[in-house]
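Visitor: Here's a structure for you.
Quick note: the coordinates plus some simple rules give every number you see, no bench work behind them. Just so you know, these numbers come straight off a predicted model, no measurement behind them. Glycine also receives a Cβ, built like all others from the backbone with ideal geometry; neighbour counts cover every protein chain displayed.
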Amino acid sequence: MAKKVVGLIHNVPVASGQTFSEASADIMTQVEAIEEALEDLGHRSVRIPFTREVRGFITRMKEEGVEIAVNLCETLDEDPQLVGHPAALLELLSIPFSGSPAVALMLTTDKLTTKQLLKAHGIRTPPSLMYDGGNSVDFHGLKYPVILKPRFQDASIGIEQESIFIDELSLREGINGFFDRFGPLLVEEYVGGREFNVSLFGYPSPSALPLAEIDFSAFPEGLFAIVGYRAKWDTSSFEYYHTPRKFPQGLPYLLREEIEGIALECFHLLMLRDYGRVDMRVDDDGQIYVLEVNANPCLSPDAGFAAAAQQVGMSYTDMVGTLVEFVEKRARNNGAPTSHT
């Protein structure tokens, strides 16, 4: 593998102590880990933050002689709706980069559009409606409990026990407060059952890594089985220590095949590339519901994607090296389309 100058493209995290700073700060954990892996592989890497100051970004890329990029941007100036812009600029500059193209990043950041595309393709997702601040919304068609999800946020921002409502009265009393904080919301039927995370890896054809399941067995009665913000980021919370990830070995073959097949359908439908993760619920009747399609899941060493790769004997450095090989393969195509087909 030829040694490259690799640009580590990342968003700038907010200062510690600000709202949701725990999730924001994780980007630098990813940068540091990938930087170390690239050094072990013999590549030279350079950190290049992406902000609205695009001219400076382009100048820095040229000055550093960046040949390929690892795109880690999860937001732009903490606006998740702009997550596709770094990828779009790299596409315009013809700089090969890791991960999904701009169109996939923009589509999957919009939970409503994602759900509409899944439904149109015959992929089951929990029934929902969108709330944009009006008081005339008809909630009668939904089955309770329901969960509020910010339409555009990531990293479980805005998702907590308090986001779940057991009847229409409490929903109408609480929804405007959520709208004031997070903007447009999905009001989605809560689906109980088992939760699976399917990590997908490969170019040009992805394959499913071993299925991960979230273990909610320690949750007391009355606590809904969700991986909310506290479970991901609050080290002082009950949820953080009682939502362990496991890799079940005894799943029925047909169930595993169906879960993996749906995940791959989602990957292709939403035009993901290189890697991604699909989160699902399997209810008590065996029905599979797609909760989320994540085109740029966290690549921290302790996150779910790296853990799934480790299950097949792939070290973190191996994973990063393979990702770079995907980018190099595209670079050798000399202008071939960058989107996954």
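Visitor: Whats the longest run of the chain with zero GluC sites (Glu not before Pro) that are DSSP loop and have at most 13 other Cβ atoms within 10 Å?
Guide: On the way: sites that count: Glu53, Glu221.
Longest run free of exposed loop sites: 54-220.
Visitor: Give me the percent of DSSP beta bridges within the chain that run antiparallel, rounded to the nearest 5. Don't jump to the answer; show the numbers that get you there.
Guide: Working: 34 of 45 bridges.
Among the beta bridges of the chain, antiparallel pairing accounts for roughly 75 percent.
Visitor: Could you put Ser21, Ser16 in order, starting from the residue whose Cβ has the fewest other Cβ atoms within 10 Å?
Guide: Details: Ser21 14, Ser16 9.
So the ranking, lowest neighbour count to highest, is Ser16, Ser21.
Visitor: Between beta-carbons, use under 15 Å as the cut-off and find the net charge around Leu93, counting Lys and Arg +1, Asp and Glu -1.
Guide: Local charge sum for Leu93: 0.
Visitor: Determine which residues of segment 45-72 fall in the zone a paramagnetic label at Glu328 would reach in this model, i.e. backbone nitrogen under 16 Å from the point 7 Å along Cα→Cβ.
Guide: In segment 45-72, the label zone of Glu328 (backbone N under 16 Å from the point 7 Å along Cα→Cβ) covers 45, 67-70.
Visitor: How large is Rg/Rh for segment 191-322, to two decimals, with Cα atoms and a Kirkwood Rh? Walk me through the numbers on the way to the answer.
Guide: Working: Rg = 14.7 Å, Rh = 15.4 Å.
The Rg/Rh ratio comes out at 0.96.
Visitor: So, one more: Within segment 133-152, what residues put their amide N at less than 15 Å from the label point 7 Å along the Cα-to-Cβ vector of Asn176?
Guide: Residues 133-137 fall inside that zone.
Visitor: Pop a pseudo-label 7 angstrom from the Cα along the beta-carbon direction at both Met28 and Ser205 and give the gap in nm to one decimal.
Guide: 4.3 nm
Visitor: Continuing with this model, one more query. Summing Lys, Arg as +1 and Asp, Glu as -1, what charge do residues with Cβ under 12 Å from the Cβ of Asp302 carry, Asp302 excluded? If you can, show how the numbers build up before the last one.
Guide: Numbers: positive: Lys232, Arg245; negative: Asp26.
Counting the neighbours of Asp302, the net charge comes to +1.
Visitor: Determine the distance separating the Cα centre of segment 249-264 from the Cα centre of segment 186-227; give it in Å without decimals.
Guide: 13 Å
Visitor: Just how far, in whole angstrom, is segment 267-307 from segment 92-164 if you go by their alpha carbon centroids?
Guide: Here the answer is 14 Å between Cα centres.
Visitor: If I histogram all Cα-Cα distances within segment 27-156 using bins 10 Å wide from 0, what percent of pairs lands in each bin?
Guide: Answer for segment 27-156: a P(r) of 10, 33, 28, 17, 10, 3 percent.
Visitor: May I ask you to sort Phe97, Phe50, Phe219 by Cβ crowding, counting other Cβ atoms within 10 Å and putting the fewest first?
Guide: Numbers: Phe97 27, Phe50 24, Phe219 15.
Going from sparsest to densest Cβ surroundings: Phe219, Phe50, Phe97.
Visitor: Sort Lys149, Lys3 by Cβ crowding within 10 Å, fewest neighbours at the top. Present the calculation step by step, with values, prior to reporting the outcome.
Guide: Working: Lys149 24, Lys3 11.
The most exposed by this proxy come first: Lys3, Lys149.
Visitor: Could you list, in their original order, any pairs among Lys111/Lys232; Lys111/Lys246; Lys143/Lys232; Lys149/Lys232 whose Cα atoms are separated by more than 21 Å?
Guide: Values: Lys111/Lys232 19 Å; Lys111/Lys246 26 Å; Lys143/Lys232 27 Å; Lys149/Lys232 16 Å.
As for pairs spanning more than 21 Å Cα to Cα, those are Lys111/Lys246; Lys143/Lys232.
Visitor: A follow-up question, please. Given Cα pairs under 8 Å that are at least 6 residues apart, what percent is the relative contact order of the chain?
Guide: Computed over the chain, the figure is 19 percent.
Visitor: Still on this structure, I have one more. State the extension gain, in nm to one decimal, for the chain segment bounded by Ser136 and Asp234, taking 0.36 nm per residue of separation less the distance between their alpha-carbons.
Guide: On the way: separation 98, 0.36 × 98 = 35.28 nm, distance 3.58 nm.
Gain in length upon complete extension: 31.7 nm.
Visitor: For the pair Asp110/Lys246, report the inter-label distance in nm, with labels modelled 7 Å from Cα in the Cβ direction.
Guide: 4.0 nm
Visitor: Can you give the log10 of the normalised intensity I(q)/I(0) at q = 0.10, 0.13 Å⁻¹, computed with Debye over equal Cα scatterers of the chain?
Guide: Reported log10 I(q)/I(0), two decimals: -0.60, -1.02.
Visitor: While we're on this one: What's the local net charge at Lys119, with K and R +1, D and E -1, over the other residues with C-beta under 13 Å away?
Guide: Values: positive: Lys111, Lys115, Arg124; negative: Glu188, Glu265.
Result for the local shell: +1.
Visitor: Any lysines with Cα under 18 Å of the Lys4 Cα? List them, leaving off those in the same chain fewer than 8 positions away.
Guide: Candidates past the 8-residue exclusion: Lys62, Lys329.
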